[in-house]
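Heads up, the thing below is written out as structure tokens.
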């Protein structure tokens, strides 16, 4: 099955992200708003236990940290993905590095740009239209992140949580 | 915000339940298949911490236990709800009782009938039609449950996981 590792921000920030995702993100109904720490990879039900043990170890290394977002940005022209840009902090980068270590077998496919997607799979003209409006918005949000989640994907495409890992505990 | 406490069974049983829920359960897109331990109640973001501490305490009292389902049943005529009937075991009943203790303030509204809903909000004639077919199916499934989840509801109605609690740990 497919598994992935994400941070779910507060309900408040999820509700705000969903107000955009509803219109601009076809994954709206498959997963709540999230910051991806490790994108989907294959695992068996048996391997989940080992992954869980490793994530438990990693979660103890980092304390809670601030998640701050001040603007909406885009990966265009690489991807027509629009997102809340999240300011990088040492804990986020440490988590990302640890989740792409040799234990997990696969080095990252790209540089880590922490973000919460609010729009994707847009055509070039849709993207231009939507982004030209959203980029003008001021987002001023800061909160504390104290956990991350290991997810798995059901056959219908919906992601569910296998386990929560509390930072520093 | 609204919170609730559920058990998510294995991916395999969730996929099976979803094959029915897709057609018969309007909550299909709001929450994956689950066994409700405590239905939705109001909580503040601050109270979540206290609830989490209490759930941590309760989760240590019980070890992993078997979840066994052998048939599809219905709450008709009380409710037009069709479900996988889950055989009651001491751990499930203990969890239910502890989650309806004075700490949580509200005694249960009904006797605990452990189940995984696969159809609801059906008209009387739909219910009669669907249930007359489903009740003939043999479901033979057994697995081990080793965790439960504290959920909260987003503004769009979707439930997300706040925290996982591992039984006996």
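A short reminder: the numbers here are calculations on the coordinates, not readings from a lab. Computed from a prediction, not measured in an experiment: that's the story for all the values here. Neighbour counts are summed over all protein chains in view; Cβ atoms, including those assigned to glycine, are modelled from backbone coordinates with ideal geometry.
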Rounded, prolate or oblate (a/c below 1.5 giving rounded, otherwise prolate when a/b exceeds b/c) for the protein assembly as shown by Cα gyration tensor: prolate
Anisotropy class of the range A:119-161 from Cα gyration tensor, a/c 1.5 cut: oblate
Per-residue average of Cβ from other chains inside 10 Å of A:151-162: 5
Helix B:45-61 vs. chain B, principal-axis angle (Cα, 0 to 90°, nearest 10): 80 degrees
The range B:2-166: C-alpha gyration tensor shape, a/c 1.5 cut-off, then a/b vs b/c: prolate
Euclidean distance of C-alpha centroids, the range B:95-133 and the range B:30-74, integer Å: 13 Å
Tilt relative to chain B, helix B:11-24 - C-alpha long axis, 0 to 90 degrees, to 10: 60 degrees
Cα long-axis angle, helix A:124-134 against chain A (0 to 90 degrees, to the nearest 10): 90 degrees
Shielding by partners - mean other protein chain Cβ count within 10 Å, residues of B:89-100: 0
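Quantify how strongly other chains surround peptide A:45-54 by giving the mean number of their Cβ atoms within 10 Å of each of its Cβ atoms. It would help to have the intermediate numbers written out before the result.
Details: counts 3, 0, 0, 1, 0, 0, 0, 2, 0, 0.
Whole-number average of other-chain Cβ neighbours for A:45-54 is 1.
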Calculated [θ] (222 nm, deg cm²/dmol) that DSSP helices of n ≥ 4 give over chain B, each run adding -39,500 (n - 2.57): -9500 deg cm²/dmol
